Each structure stands twice: as structure tokens, then as C-alpha cells.
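*Asks:* Please find one structure pasted underneath; my questions will follow.
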Amino acid sequence: MSNPRQISLNIFLYSFGHHEASWRHPSSQPGANYSARHYQGIAQKAEASKIDAVFFADVPAAGVAEYSAGGQLEPITTLASIAAVTEKIGLIATASTTFYEPYNLARLFSTLDHLSGGRAGWNIVTTGHELVGRNFGFEVFPEVSERYARASEFVDTTKLLWDSWEDDAIVFDKENGRYADASKLHEPNFHGKYINVDGLLTTPRPPQGHPVLIQAGASNDGRAFAAKYAEAIFTAHQRIEDAQAFYNDIKAQAVALGRSEDDVKILPGLSPFVAATEAEAQAKARELNELTIPEYGLGLIRSNLAGQDDSWFTVDNLEERVPLELFADAGDVTNNNRSRLQVIAGIVEREQPTLRELLHKLAGGRGHQVVAGTPEQIADRIQVWAENRAADGFNVMPPLYPAGLDDFLDHVVPILQQRGLFRTEYSGSTLRDHFGLKRPENVHTRNSALV
């Protein structure tokens, strides 16, 4: 009998927890979400369980700060503080190609990769929030196709910057006074429609060659971009059949571009409530749901409905069934350009919830699947998805820190290890090692070998 396929597991760092009311839980302490010690403790606990990586998302806008744990720390700086107290766990940060420039972002991720000994990953987003655009001075926010066109040039340029030093460019010849071999230093001189970069990067090539490239968009443009560039994809699916369709689509697109299916990992989000019995797990979920503020959840739905009539979504309608027609054509599976709205529309179509029930459904994972059950039930869900081409692993989103993290690591991970689905020891020290990804060859070394 063949050994089961090993999965990847990341822990998604998020304030007091992924449930929107986690900050109101009796165990949550004011200011913890702005403390390095809070995130360091999460990462150290995850590393002890041999988790692949911690992931820190980012939207540089405060949002509805009145009702939520408003604002968050900047991811790359926070992950650098985690690098100082960990040894092997990967460090993945979100950064937008719409609001950065390639040179400074290449430096930031190269620095994180050097400081951590090769553990950095970049979650590439183009950012669809117009509020963020206003924070950065955009009078007209770019359409999705234009944002991805810029992103393509951005990633091409960033990879050239990381490759601007060949791996053996530093000779450190004290006797002759030569620090680097000039023939192995290459200025990008990239001039495109959106991006212009000339000079050599200030840091030598990162330990991983390139930090791992990750992507989180599920629109049609996002899928095409991911198939070309991504080495892992973070995605949101409620049902296994939807996850399988996405999985097969991405893998097929990657293969059509000359890549292997193994070159890209699909990692859906999973927010687990874990307890000794299913009833106890559901009680944990209810406890947090009862702490939600409806105005906050309504604001999130309205933001996803941008450009459509959102006047029905008020506290006056909390006990009313949500009309599917309010989501217009969001349920059309052939149009993925508003993928998160599709997830919400799918819930409305299948479950016909009241508005309050929909808000509770979204409160735990913002459209990612929320599961309440025993450790065995959670492990079963993970195994079924992994063995049926729905996932290569999961981006785990504990509803509450630290209790929800402890529940998952202490009770679910050991079951996955016993079943041979997850490692009991790290086999390497870099994020590429953990994900089973090849170290990319330097483009200049490759080109010289072809001459």
C-alpha cells in the first residue's frame, strides 16, 4: 500500500483570531494584536508542531475600526521579529503590486529571506479595495485587468532584481580587493508599460533564489496569473466540488504553460472550532457568534457588493431571508471576477439563510469554510479534501488566539501525523524545502549555459 500524500499546513496570523468577535472574547487582552510577543508566541507554537509557515495578510486600510480590532501591524516587519525567535517555520507576507514598487519590495523580501535563512514567501495581491486606493492617492482606481497587467510586469522585474546577483557573485577576495565578480552582476534595465527599473539590487541573491511566490486571487485574471507565477495559492471554498473545480482548473492551466502540477500548491482556508464533542465545538462557535456586532458584518457585505444596490442590508432585516437576486450575476460560475461575492451568493442559494444567519456564517472566516467538530472530524475533512484533488493542504485560520490554535495543534495535527498525512519533523530548513519546491535557477546562469 502506498504512503498517503503529505499535506502542507500554514497558520494564518490574524489579530485576536479569525472570528470577527474574537477581540470581545473574555480571554482576549487589549493591545495583544499590536505586540511582537503575541505573534512570536503563535509562530513558536506552530513551529513546535512542524507547521510549514505562518502567513500574515495585509489590507492597508483601517476599515470599520469602530466595531473590529481596527488596523493591524505591517506584515514584513512583524515577520522579521518572528524570524528572530524561530528557526525553520516559513514566513509569508502579503504585499500589493498596486501600491509598492518592485525595487523596494524586492529589497524587503530579499532582506527577510536573508535574515531568516531562507524562509520568506510573498503573497502577491493586486488589491481590489478602492478605500486603499484613496489612501495611496489614486483618484481613479485601476480595473482588475489593468492591475494584473501591472502585476505581471512587477513580478517579472522583481525576479530579475533577485537574480541581479548570481549565486557565486561574491568572491570576498581580500588580497586583491575584489568583493564581487563584476561579470556576475546584472542590472535589470526593465522598461515596460507600468514598470521601469534600472539598477542592481542592494542585496545579493536570496538564500532560496527567489522567496516563494504565492497568490490569493480567484478571479479569471487571478487564475491565469497564478497558473503562470504562483508556487502556492490561497483560496476560499465552502464545498469540496467547488474546490475540486478550482484545483483542476489551476493545475491544467499550469501544465498548459509547461509547468508541473507539483509546481503549484492549492491551499484553501479552514477555520476550525475543535472540541471533544461536536456539540461542544458548536457551542464554541455560538459563543463567538453571539458577540458579533451586526453593523460590522453588514459593512463587509456592502463592500463586496460595491457598485450594486446594498440598501436591503440593514439591521431591520436581520430576521428576513436573504433574497438571492440581490447578488445579481455573482452566482454565475463562468464569471469569476468577483470571487468572494460568489462564495457569499453560493451560501445564500444553498442555505437560504436569514440575514443574521448569513452574518454568523461569514463572521468566522470571511467566506472561508468554518468547521465545528471533534479532532477526528476535522482531520477527516482535511484528509478527504487532500485525497480527492480539492487541496494540497490548508491555510488554517484559528477563530481565537491562542485557544483555537492550541486546539488545532494539540489535537488535530497529531491525528494527521498518525495517519501519515503530515510531517513529524522538518526535512529541511527553508520554506521551499517545506513546500517541496525547487530552488529556481538564476536566469543569467541559465542563459549563459545555453550559449
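*Asks:* Hey, could you check the range 378-395 for residues that are outside any helix (DSSP H, G or I) and among the charged types (D, E, K, R) and say which is surrounded by the fewest Cβ atoms within 10 Å (Cβ to Cβ)? If you could, list the steps in order and put the result at the bottom.
*Replies:* Applying the first criterion (outside any helix (DSSP H, G or I)) to the range 378-395 yields 388-395.
If we keep only those that are among the charged types (D, E, K, R) too, we end up with 389, 392.
On the way: ARG389: 16, ASP392: 24.
Only one residue fits best here, namely ARG389.
*Asks:* Let me ask something additional. Do we find a residue being in a loop (DSSP other than H, G, I, E, B), at pLDDT 95 or above and more than 30 Å from LYS193 (Cβ to Cβ) anywhere in the range 100-117? Explain how you work it out, then say what you get.
*Replies:* We begin by selecting, within the range 100-117, every residue in a loop (DSSP other than H, G, I, E, B); these are 100-101, 117.
Cutting the leftovers down to at pLDDT 95 or above gives us 101, 117.
Now drop any that are not more than 30 Å from LYS193 (Cβ to Cβ), which leaves 117.
Yes, because at least one residue in the range 100-117 is in a loop (DSSP other than H, G, I, E, B), at pLDDT 95 or above and more than 30 Å from LYS193 (Cβ to Cβ).
*Asks:* Quick one: is THR111 crowded, with 18+ Cβ neighbours inside 10 Å and within 17 Å of TRP162 (Cα to Cα)? Before the answer, list the steps.
*Replies:* Numbers: crowded, with 18+ Cβ neighbours inside 10 Å: no; within 17 Å of TRP162 (Cα to Cα): yes.
No: the conditions fail for THR111.
*Asks:* From ALA276, ALA230, ALA226, ALA281, grab the single residue that is buried (at least 17 other Cβ atoms within 10 Å of the Cβ), of a type in the set (A, V, I, L, M, F, W, C) and farther than 23 Å from ARG432 by Cα. Step through it out loud before you land on a result.
*Replies:* Values: ALA276 fails: buried (at least 17 other Cβ atoms within 10 Å of the Cβ); ALA230 fails: farther than 23 Å from ARG432 by Cα; ALA226 fails: farther than 23 Å from ARG432 by Cα.
Result: ALA281 is the single residue among ALA276, ALA230, ALA226, ALA281 that is buried (at least 17 other Cβ atoms within 10 Å of the Cβ), of a type in the set (A, V, I, L, M, F, W, C) and farther than 23 Å from ARG432 by Cα.
*Asks:* When the range 236-280 is examined, which residues are found to be farther than 20 Å from VAL384 by Cα, part of a helix (DSSP H, G or I) and either of a type in the set (Lys, Arg) or touching a residue at least 24 places away in the same chain (Cβ under 8 Å) (or both)?
*Replies:* GLN253, ALA254, ALA256, ASP263
*Asks:* While we're looking at this one, here's another question. Using the structure shown, decide if GLY137 is free of Cβ contacts under 8 Å to residues at least 12 places away in the same chain, part of a loop (DSSP other than H, G, I, E, B), of a type in the set (Gly, Ala, Ser) and within 30 Å of PRO188 (Cβ to Cβ).
*Replies:* Numbers: free of Cβ contacts under 8 Å to residues at least 12 places away in the same chain: yes; part of a loop (DSSP other than H, G, I, E, B): yes; of a type in the set (Gly, Ala, Ser): yes; within 30 Å of PRO188 (Cβ to Cβ): yes.
Criteria met by GLY137.
*Asks:* Now, a different point. Go through (1) within 24 Å of GLY63 (Cα to Cα); (2) of a type in the set (S, T, N, Q); (3) modelled with pLDDT of 95 or more and name the single condition SER303 misses.
*Replies:* (3)
The rows are residues; the columns are (1) surrounded by fewer than 21 Cβ atoms within 10 Å (Cβ to Cβ); (2) in contact with an Asp or Glu (Cβ under 9 Å, 6 or more places away or on another chain).
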position	(1), (2)
HIS368	no, no
MET397	no, no
TYR401	no, no
VAL412	no, yes
GLY420	yes, no
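*Asks:* On to the next question. Within the range 281-311, track down each residue that is part of a loop (DSSP other than H, G, I, E, B) and either within 22 Å of GLU66 (Cα to Cα) or in contact with a strand residue (DSSP E or B) (Cβ under 9 Å, 6 or more places away or on another chain) (or both). Please lay out each step first, then the result.
*Replies:* First, the residues of the range 281-311 that are part of a loop (DSSP other than H, G, I, E, B): 290-293, 305-311.
GLU290, LEU291, THR292, ILE293, LEU305, ALA306, ASP310, SER311, listed by residue number.
*Asks:* Restricting attention to strands (runs of 3 or more DSSP E) lying wholly within the range 158-224, give those where 3 or more residues are under 25 Å from the mean Cα position of the chain (by Cα) and at pLDDT 95 or above. I'd like the intermediate steps shown before the answer.
*Replies:* On the way: elements: 170-173, 178-180, 212-215.
In the range 158-224, 212-215 are the strands (runs of 3 or more DSSP E) which contain 3 or more residues that are under 25 Å from the mean Cα position of the chain (by Cα) and at pLDDT 95 or above.
*Asks:* Give me a count of the residues in the range 49-73 that are among the aliphatic types (A, V, I, L, M) and either touching a Leu at 6+ places or on another chain (Cβ under 6 Å) or in contact (Cβ under 8 Å) with a residue 60 or more places away in the chain (or both). Walk me through it before giving the result.
*Replies:* Kept after step one, since they are among the aliphatic types (A, V, I, L, M), are these residues of the range 49-73: 51, 53-54, 57, 59, 61-62, 64-65, 69, 73.
Within this subset, residues satisfying the condition of being either touching a Leu at 6+ places or on another chain (Cβ under 6 Å) or in contact (Cβ under 8 Å) with a residue 60 or more places away in the chain (or both) are 51, 53-54, 57, 59, 61, 64.
Final tally of qualifying residues: 7.
The values are calculated or read from the model by the stated rules, or taken from the named source; none is laboratory data. Here the structure is a predicted model, which means the values were calculated and not measured. Cβ coordinates were reconstructed from backbone atoms using ideal geometry, including for glycine residues, and neighbour counts include every protein chain displayed.
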